[in-house]
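As structure tokens, the structure follows; a few thoughts come after it.
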Amino acid sequence: YFRFTNTTNQTLVLGYPRVSCGCVTATVSHAQVGPGQSAAVVAYMDTNRIQVPNVTKTVLVYVPFLAPAHEEVTLKVQTVARN
């Protein structure tokens, strides 16, 4: 979970997150986050899809903010696969 709080005076509108690897799925807990409200980007890594054991796997999650301005935040998810 990547939790955040909207510290602005405007409502944030989030788009659907993209990921750099199919081993991760990501969603947002709320598509709109009002001033003072909190939400989270939830990322789940399925380590069974990582075929090489004992390797550090890093995946990027790109979260688009659609309003009040078009911006994109990049989050990093990392694990050591122990298959």
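The values are calculated or read from the model by the stated rules, or taken from the named source; none is laboratory data. It should be emphasised that the depicted structure is a prediction, and the values quoted were computed from it without experimental measurement. Note that each Cβ is placed from the backbone with ideal geometry, even for glycine, and that neighbours are counted across all protein chains shown. Keep in mind that these areas ignore ligands, DNA and RNA; they rest on the heavy atoms of the full protein, side chains included. Shrake-Rupley method; radii C 1.70, N 1.55, O 1.52, S 1.80 Å.
Computed values, structure above
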item: Members of the range 27-60 found to be in contact with a Lys or Arg (Cβ under 8 Å, 6 or more places away or on another chain) and either of a type outside the set (Ser, Thr, Tyr) or open to solvent by 80 Å² or more (accessible area, probe 1.4 Å) (or both), listed by number; result: ALA39, ALA40, MET45, ILE50, PRO53, ASN54, VAL59, LEU60
item: Filtered residues of the range 1-54 (kept if over 23 Å from ALA69 (Cα atoms), among the aliphatic types (A, V, I, L, M) and not in a loop (DSSP other than H, G, I, E, B)); result: VAL24, ALA43, MET45
